[in-house]
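What follows is a short report on a single structure.
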Amino acid sequence: MQQILSKNEVQELLGRYPNKEAALMPVLRAIQMKEGHISKEAEHYAAAILELHPSRVREVVAFYSMFREKPEGKHLILVCESISCALLGSETILEHLKKRLAIGVGETTADKCFTLETAECLACCDQAPSVMINDELFGPVTPEELDGILEEKMKG
Ligand code: FES
């Protein structure tokens, strides 16, 4: 089985939690940071190091939209479409991003810089409309502010 995280990285993550299962989300995040997504092989790897059944890892990866199951752009943009954000303009935000990036939902730009997805509530409804780029939350955002944020991401 492919070794994705170093022994030290695994020890460091496990040391922060009372048991191995509690470290599942952080381990998956660490894998995604390294690989860009979580492959089926990576799910089995996480299950092995945490001594969990692979179906438990599968459930978590499938449930949380922050986990990517296929290779995507360097920056994953999630536009919240739940009620607070919808009422405050998430559709305008989404249409702006589609036009600006020249891609549809579920697609990646040709330079592999951005992938655009929609999401359910990002748990920051008081900052609607909200957008998450990788692990960073932005809100309330305007299309103009997003242009500036995308510029920064392209530089970095
Ligand atoms: S409805 Fe968009 S963050 Fe909750």
Three-way shape call for segment 7-63 based on the alpha-carbon gyration tensor, with the a/c threshold at 1.5: oblate
Dipole axis of segment 75-155 (+1 Lys, Arg; -1 Asp, Glu on Cβ), positive-most option in Gly139, Ala119, His96: His96
Segment 7-63, dipole about Cα centre (Lys/Arg Cβ +1, Asp/Glu Cβ -1), debye to the nearest 20: 60
Spatially proximal lysines relative to Lys34 (Cα-Cα < 19 Å; intrachain offsets below 8 disregarded): Lys7, Lys70, Lys74, Lys112, Lys153
5 angstrom amide H check on Lys20, placed H, neighbours 5+ away: none
Most fluctuating residue given options Leu97, Leu14, Leu78, as computed from a GNM of the chain linking Cα atoms under 10 Å: Leu14
Helix-only mean residue ellipticity at 222 nm for the chain, each DSSP H run of n ≥ 4 adding -39500 (n - 2.57), per residue, nearest 500: -13500 deg cm²/dmol
Neighbour-count ranking [beta-carbon atoms within 10 angstrom, fewest first] of Met1, Met25: Met1, Met25
Helix 24-35 axis, angle to the chain major axis (alpha carbon atoms, nearest 10°): 70
Lys, Arg +1 and Asp, Glu -1 on Cβ, resulting dipole of the chain about Cα centre, debye, nearest 20: 520
Long-range HN-HN contacts of Phe114 with modeled amide H, under 5 Å: Lys74, His75, Thr109
Order of Thr115, Thr92, Thr108 - criterion: other Cβ atoms within 10 Å of each residue's Cβ, fewest first: Thr92, Thr108, Thr115
Which of Glu72, Glu152 has the fewest Cβ neighbours within 10 Å, and the rest in rising order: Glu152, Glu72
Antiparallel content of DSSP bridges confined to segment 51-156, in %, to 5: 55
C-alpha long axis of helix 143-155 to longest principal axis of the chain, angle in °: 50
Those Cys residues of the chain for which no other cysteine Cβ falls under 4.7 Å: Cys113, Cys121, Cys124, Cys125
Highest-MSF residue in the chain out of Glu51, Glu81, Glu43 [GNM, Cα springs under 10 Å]: Glu51
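Just so you know, all these numbers are worked out from the coordinates, no wet-lab data involved. Keep in mind that this is a model prediction, so the values were computed, not measured. No Cβ is skipped: glycine too gets one built from the backbone with ideal geometry, and neighbour counts run over all protein chains shown.
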